[in-house]
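These notes concern the structure reproduced below.
The values are calculated or read from the model by the stated rules, or taken from the named source; none is laboratory data. Worth saying up front: this structure is predicted, and the values here are computed from it rather than measured. Cβ atoms come from the backbone with ideal geometry, glycine included; neighbour counts cover every protein chain shown.
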Amino acid sequence: MHIRTGAPDDLPRIIKLYKEVAKVKGGLARLEHEITEEYVQNFLTKSIASGLILVAIHPDDPESLTGEMHAYKPGLQVFNHVLSDLTIAVHPEFQGRKIGRTLFTIFLEEVARHKPDIGKVELITRESNLKAIKFYQSLGFKIEGRMEMRIKTPQGTYEADIPMGWQNPNFEF
Ligand SMILES: CC(C)(COP(=O)(O)OP(=O)(O)OC[C@H]1O[C@@H](n2cnc3c(N)ncnc32)[C@H](O)[C@@H]1OP(=O)(O)O)[C@@H](O)C(=O)NCCC(=O)NCCS
């Protein structure tokens with residue numbers, strides 16, 4: 001499995017990957033038509049500038065991605081020690097093959113080893129994505145609350161969003 005940091009010219013590869021992942025309901029909050037160039041360009045630029053972005057390369061095609069993960073600083077000085085808006089996406093055909101766990105492990109190791117200014121990594125996941133919640137807990141994330149009725153499902157019902165956080169053991173505050 002080849003994983004590297006993301007670069008500006010990954011834009012079309014990430015758009016393609018996210019559109020594939022968004023086709024399967026219950027994972028990403030964004031629907032396929034909401035995966036716009038503007039959305040991807042925005043998180044790609046911010047993650048390169050103030051956070052971290054990792055991409056997993058397809059084993060047979062270096063022009064395709066099997067996974068991507070990013071987070072970045074929200075921008076305000078009071079949040080300067082936080083990496084937020086974390087999103088991870090693994091291509092549906094490659095899910096369940098440890099790409100997600102490997103991306104997360106490298107991401108958190110990189111923060112712990114080389115980003116002492118980062119105290120916290122945060123993410124939000126829908127309450128019905130139990131596999132994802134268990135997965136994040138196994139990586140050291142803790143549930144920090146419950147945002148009631150935040151997600152509207154395709155069936156027209158509502159579910160809670162669950163904020164989770166991981167603290168950097170090597171934070172220098
Ligand atoms: C969630 C996701 C990133 C996990 O990546 P993955 O490569 O499929 O997972 P891995 O093979 O590394 O397995 C890691 C854990 O994820 C869980 N998992 C596996 N497939 C999953 C799936 N389709 N959805 C949610 N969790 C899954 C497993 O419980 C596994 O736990 P284990 O390591 O103890 O066995 C990936 O399935 C995905 O992109 N899903 C769709 C988008 C999404 O849900 N993003 C997160 C929104 S907050």
- [ ] Would you check if residue 150 is at pLDDT 95 or above, within 14 Å of the ligand (Cβ to nearest atom), closer than 27 Å to residue 11 by Cα and basic (Lys, Arg)?
- [x] no
TODO: Please work out which one of (1) crowded, with 18+ Cβ neighbours inside 10 Å; (2) more than 10 Å from the ligand (Cβ to nearest atom) is the condition residue 116 fails and give its number.
DONE: (1)
Task: Among the residues listed as 50, 64, 128, the single one being of a type in the set (Ser, Thr, Tyr) and within 13 Å of the ligand (Cβ to nearest atom) - done: 128
TODO: Report, ordered by the first and then the second residue, all pairs with beta carbons closer than 6 Å, sequence separation of six or more or different chains, a first member in the range 90-103 that is farther than 13 Å from residue 64 by Cα and more than 6 Å from the ligand (Cβ to nearest atom), and a second member that is of a type outside the set (S, T, N, Q) and modelled with pLDDT of 95 or more.
DONE: 103/54; 103/67; 103/69
- [ ] Would you point out the residue of the range 4-34, among those that are outside any helix (DSSP H, G or I) and away from the ligand (no atom under 12 Å from the Cβ), that is nearest to residue 155 (Cα to Cα)?
- [x] 31
Open item on the list: If I filter the range 131-147 down to residues being part of a helix (DSSP H, G or I) and aliphatic (A, V, I, L, M), which single residue comes out as nearest to the ligand (Cβ to nearest atom)?
Closed with: 132
Task: Number of the condition not met by residue 42 [criteria: (1) among the polar types (S, T, N, Q); (2) part of a helix (DSSP H, G or I); (3) under 22 Å from residue 133 (Cβ atoms)] - done: (3)
